[in-house]
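Written below as C-alpha cells is the structure these notes are about.
Read-outs: derived from the displayed coordinates by stated rules, not from any lab. Owing to the predicted nature of the structure, the values given are computational and were not obtained by experimental measurement. Because the Cβ atoms are built from the backbone with ideal geometry, glycine has one as well, and the counts that use them run over all protein chains shown.
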Amino acid sequence: MKIAIIGAGNMGGALARGLAQGSLIAQEDICVSNPSAGKLEKLNSEFPGIRTTDDNCKAVAGADVIVLAVKPWKLKDVADEIKESIDCGKQAVASMAGGVSTAEVSALFMRGDGEMPPVYYVIPNTAIAVMSGMTFLTSVRSTPELDSQMLAMFKELGDAMLVEERLLNSGMALASCGIAYVMRYIRAMTEGGVELGFYADDAKRIVMQTMAGAVKLLEATGAHPEAEIDRVTTPGGITIKGLNAMEEAGFTASVVKGLRASKR
C-alpha cells in the first residue's frame, strides 16, 4: 500500500514517523507534502527513505490512500486542489480533521459527475509516532478488503478500532484528548512524588513504570481494574485510605466530567 500524507504537523508527522518504523509499508511508499520545508527536512533527517514534496498533487499521484492531516478549515482548499487528480475507483481519502463528518468530506471531493472516492474519518492520538497509539476509524463507500488493510496499518501503530461514526467523538475524548489526561495524571503523581521526597526525574520514572505495569497486568489477566485494586487494598490499610481520599476530592467524578466536556 502506498500512502500520501498531506500535512507534516503534529498528526501528519506522527503518522509518517510511525509508518516509517513499521514493516507493512516501505519508507519509499510514504510521501509527505507540506507547504514549508522545515518540517519536511526534519522528517527526512530522521527517515531518509520517506519521499517529501511541497506539491500536494504530486504527493497524491500513485497513492492508494491519501491522508488529510490538516486543520478542518484547510480541508476545502486542499480538496479543491487535489480532487481532480484522484482516481475514485483506485484511491481512498482518509481525513484526520476532527469534527468533519464523512458526509462533509465526501461532499468536498464530489466531482462534476457525482463520483466520490471511499472516505475514512480517522481519529488517532500522537502516540502513533512511537507505534503505541489508539486509533478509531469509520468509513463510507469502502470495501471489506480496504477496511482490513486500513485496520492492519493502524494496528501496527498501536491498536485500532473500526466503529460507527456516532462513536468517533467519544473515541476522541477517550484516546485523542485522553492522552493529555493521562499526561496530566503522570504530572500530578510526579508532583506528589516530589512532595514525598523523590527528585522529579526519579518520581516520573517510578510513576511511568507503575502505569506500564498496571497496563500489562490488565492485558495479561483480562481482569476488571477493580479486581486488581482489591489485590492491593487491605482492611484499614494505606492504599484504601489513599483511594478514599482521592475519591473525596472528586477523582472519578472529575475524570468523567472531563470526558463529557471533551465530547461536547
Taking K263 as the anchor, which aspartates and glutamates have their alpha carbon closer than 18 Å to its alpha carbon, excluding any fewer than eight residues away along the same chain?
E164, E165
Considering only Cα-Cα distances, which of the following residue pairs are longer than 30 Å: K2/K74; K83/K155; K83/K257; K71/K257?
K83/K257
Arranged from highest to lowest average of other beta-carbon atoms within 10 Å per residue, in what order do the peptides 19-28, 107-116 appear?
19-28, 107-116
About the Cα centre, and with charges only on the beta carbon of Lys, Arg (+1) and Asp, Glu (-1), how big is the dipole of region 21-156? Nearest 20 debye, please.
320
Two-site label geometry, M161 and V215: point separation in nm, points 7 Å out along Cα→Cβ:
1.6
Cα centroid distance between region 131-187 and region 34-79, in Å?
21
For every helix of n ≥ 4 consecutive DSSP H residues, a contribution of -39,500 (n - 2.57) applies; sum these over the chain, divide by its total residues, and give [θ] at 222 nm rounded to the nearest 500 deg cm²/dmol.
-15000 deg cm²/dmol
